[in-house]
Amino acid sequence: MTDRAAGSAGGRPSERVSAGRLLGAMVAVMWIVQVVNALDGQHLDAAGIRPRMISGLDGVVFAPFLHASFSHLIGNTIPFVVLGGTIALTEGMRLAWVTVVVGLVAGLGTWLISPGGVTTVGASGIVFGYATYLVGRGIFSRRLVQLAIGVAVGLVFGLTLLYSLIPRAGVSWQDHLCGALGGILAARGLTAGQPAGRRAGPGGGANPA
């Protein structure tokens, strides 16, 4: 994974358009899958993350596109678009790298530490990864605009993130935690080697996550 020079961190306008299309495509897949899932009695939820089962590893890829209900999907779609759109607008196709890193850390971490007998579905691990990426990016880069974005994200999503880590029935705090860790790792990896500065670069049943 190569890093761009600080002056081109936001990428060209065409990259931002491509990143926006990628984000839109992911959201479209989530909604299409949920329509099919609802018509099929939520049977697709079985393809989510099943802890410590080799056959459940494919859920690392599929789980973010599966949701336990339309209300679950709506609750994830809004922050997914807002936070993912912020990354797309400020860093272009880095959105793809952040999504891959967060998705793998969230999925594999959930597979490792979730209790047996439950299946985890949902995109909130990605959502929290996007949030901590934006916060971590500002901290690691020390660029004013990125710091300001990180502060704003922390103020808006900080309490929600902390609340989501409280263990309670029917909610995968493991996916939230691992997604958040993935965002921090992505921020550290993608800002490593960039000079810090004052200027920002350019622009049992499905367990919901």
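Looking at 120, 132 in this structure, which one is modelled with pLDDT of 95 or more and either assigned to a strand (DSSP E or B) or under 12 Å from residue 49 (Cβ atoms) (or both)? One residue alone meets the criteria, 120. Scanning region 117-134 for residues that are over 20 Å from residue 77 (Cα atoms) and among the hydrophobic types (A, V, I, L, M, F, W, C) gives a single hit, 118.
Looking only at region 110-126, filter to residues that are farther than 12 Å from residue 87 by Cβ and under 9 Å from the mean Cα position of the chain (by Cα); which one of those is surrounded by the fewest Cβ atoms within 10 Å (Cβ to Cβ)? Explain how you work it out, then say what you get.
The initial filter retains those residues of region 110-126 that are farther than 12 Å from residue 87 by Cβ, namely 110-125.
With under 9 Å from the mean Cα position of the chain (by Cα) added as a condition, the list becomes 123-125.
Values: 123: 31, 124: 26, 125: 32.
Ranking the qualifying residues of region 110-126, first place goes to 124.
Residue count for region 33-57 under the criterion of being among the aliphatic types (A, V, I, L, M), more than 19 Å from the chain's Cα centre (by Cα) and surrounded by fewer than 18 Cβ atoms within 10 Å (Cβ to Cβ): the result is 7. Here is the figure for region 32-52: residues that are of a type in the set (A, V, I, L, M, F, W, C) and either modelled with pLDDT under 95 or under 24 Å from residue 174 (Cα atoms) (or both) total 5.
The conditions of being buried (at least 24 other Cβ atoms within 10 Å of the Cβ) and over 18 Å from residue 184 (Cα atoms) are met by residue 92.
If I filter region 65-75 for residues that are modelled with pLDDT under 95, surrounded by fewer than 18 Cβ atoms within 10 Å (Cβ to Cβ) and not charged (D, E, K, R), do I get at least one hit? Among the residues of region 65-75, at least one is modelled with pLDDT under 95, surrounded by fewer than 18 Cβ atoms within 10 Å (Cβ to Cβ) and not charged (D, E, K, R), which makes the answer yes.
The values are calculated or read from the model by the stated rules, or taken from the named source; none is laboratory data. Computed from a predicted structure; not experimentally measured. Every residue, glycine among them, receives a Cβ derived from its backbone with ideal geometry; neighbour counts consider all protein chains shown.
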